[in-house]
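Trainee: After the structure tokens below, expect a handful of questions from me.
The values are calculated or read from the model by the stated rules, or taken from the named source; none is laboratory data. Note that the structure is predicted; figures quoted are calculated from it, not measured. Here the Cβ positions follow ideal geometry from the backbone for every residue, glycine too, while neighbour counts run over all protein chains shown.
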Amino acid sequence: MENEKKTEPRAERVRSQLKESRIPEALWPDEWEAKKKRPREIAFIDVNLCFPCGKCPEFCPVGCIEPLKPGTLPGRGDNQPVQVRFQECIGCYICVEVCALLTDYDAIRMYDTDLVEQALDTTISQKKPETPTPPEPYEELFSEGGAYRHVGKGSRLLERMNKEERKRLGWN
Ligand code: SF4
Ligand code: SF4
């Protein structure tokens, strides 16, 4: 169809790779809904490393990644980085993989949920909150050189891929 949105071939391959080998079936139903259990880890974007390409919001299964309001970070004007509405994150890791595999930025890391509660003096429950918490930069907490350490090094998928799989995704 003429008006049909064309998906970038590499993005499509990443999508199928995530589906096949990374994300447990229980976390990949046909219809996504809001979170049903408290995640063990939560994603945050290092706002200093994100030059918003728009890919992770497109892949996030619960739609909880959005740009910061214009003018939030000085010098970035209307081109603000994205950040996670952390109370809605289901900890699926998809955005980490997408940013690492489809961009040059590798800007997303996961943080232990208990640590996030402590850092933001909040409680993270097993349900989507009724009112969304707008994203903030959290630069001093969850970024390279920030106060809290992330879990892991980034893409787990890339580390586990053999030569063939890397080639299939366009990585050599
Ligand atoms: S995929 Fe990475 S660079 Fe692109 S918007 Fe998301 S965090 Fe930013
Ligand atoms: S970990 Fe999953 S739910 Fe959380 S922001 Fe990333 S893609 Fe969205």
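Trainee: Give GLU164, GLU140 a once-over and let me know the one that is at pLDDT 95 or above and more than 16 Å from PRO39 (Cβ to Cβ).
Mentor: Matching residue, one of GLU164, GLU140: GLU140.
Trainee: If you don't mind, another one. Would you confirm whether or not the stretch 156-166 contains a residue that is surrounded by 12 or more Cβ atoms within 10 Å (Cβ to Cβ) and part of a loop (DSSP other than H, G, I, E, B)?
Mentor: Yes, that holds for at least one residue.
Trainee: Ok, one more. For GLN83, indicate whether it is crowded, with 18+ Cβ neighbours inside 10 Å, more than 10 Å from ligand 1 (Cβ to nearest atom) and not β-branched (Val, Ile, Thr).
Mentor: Spelling it out, it is not the case that GLN83 is crowded, with 18+ Cβ neighbours inside 10 Å, more than 10 Å from ligand 1 (Cβ to nearest atom) and not β-branched (Val, Ile, Thr).
Trainee: Continuing with this model, one more query. Does CYS53 count as modelled with pLDDT of 90 or more, under 14 Å from the mean Cα position of the chain (by Cα), within 15 Å of ligand 2 (Cβ to nearest atom) and crowded, with 17+ Cβ neighbours inside 10 Å?
Mentor: Answer is no for this residue.
Trainee: Which is assigned to a strand (DSSP E or B) and closer than 23 Å to ARG38 by Cβ, of GLN126, GLN118, GLN87, GLN83?
Mentor: Result: GLN83 is the single residue among GLN126, GLN118, GLN87, GLN83 that is assigned to a strand (DSSP E or B) and closer than 23 Å to ARG38 by Cβ.
Trainee: For ILE65, state whether it is touching a residue at least 12 places away in the same chain (Cβ under 8 Å), within 18 Å of GLU140 (Cα to Cα) and within 8 Å of ligand 2 (Cβ to nearest atom).
Mentor: Considered against the rule, which asks whether it is touching a residue at least 12 places away in the same chain (Cβ under 8 Å), within 18 Å of GLU140 (Cα to Cα) and within 8 Å of ligand 2 (Cβ to nearest atom), ILE65 comes out as no.
Trainee: Let me ask something additional. Of the conditions (1) within 16 Å of ligand 1 (Cβ to nearest atom); (2) farther than 20 Å from PRO52 by Cβ; (3) touching a strand residue (DSSP E or B) at 6+ places or on another chain (Cβ under 6 Å), LEU157 satisfies every one except a single condition; which number is it?
Mentor: Just one mismatch for LEU157, condition (3).
Trainee: Quick one: would you say PRO70 is exposed (fewer than 14 other Cβ atoms within 10 Å of the Cβ) and more than 15 Å from ligand 1 (Cβ to nearest atom)?
Mentor: yes
For every residue, the table says whether it meets (1) buried (at least 16 other Cβ atoms within 10 Å of the Cβ); (2) within 13 Å of LEU102 (Cβ to Cβ); (3) at pLDDT 90 or above.
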residue: VAL14; (1), (2), (3): yes, yes, no
residue: SER21; (1), (2), (3): no, no, no
residue: GLU31; (1), (2), (3): no, no, no
residue: PRO39; (1), (2), (3): yes, no, yes
residue: ILE42; (1), (2), (3): yes, no, yes
residue: ASP46; (1), (2), (3): yes, no, yes
residue: VAL62; (1), (2), (3): yes, no, no
residue: ILE65; (1), (2), (3): yes, no, yes
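Trainee: Can you list residue pairs whose Cβ atoms sit under 9 Å apart, with the first residue in the stretch 96-110 being on the phi > 0 side of the Ramachandran plot and surrounded by fewer than 23 Cβ atoms within 10 Å (Cβ to Cβ) and the second being part of a loop (DSSP other than H, G, I, E, B) and aliphatic (A, V, I, L, M)? Count only pairs 6 or more apart in sequence or on different chains.
Mentor: ASP106/LEU49
Trainee: Of the residues PRO52, PRO70, PRO137, which is outside any strand (DSSP E or B) and in contact with a strand residue (DSSP E or B) (Cβ under 6 Å, 6 or more places away or on another chain)?
Mentor: PRO52
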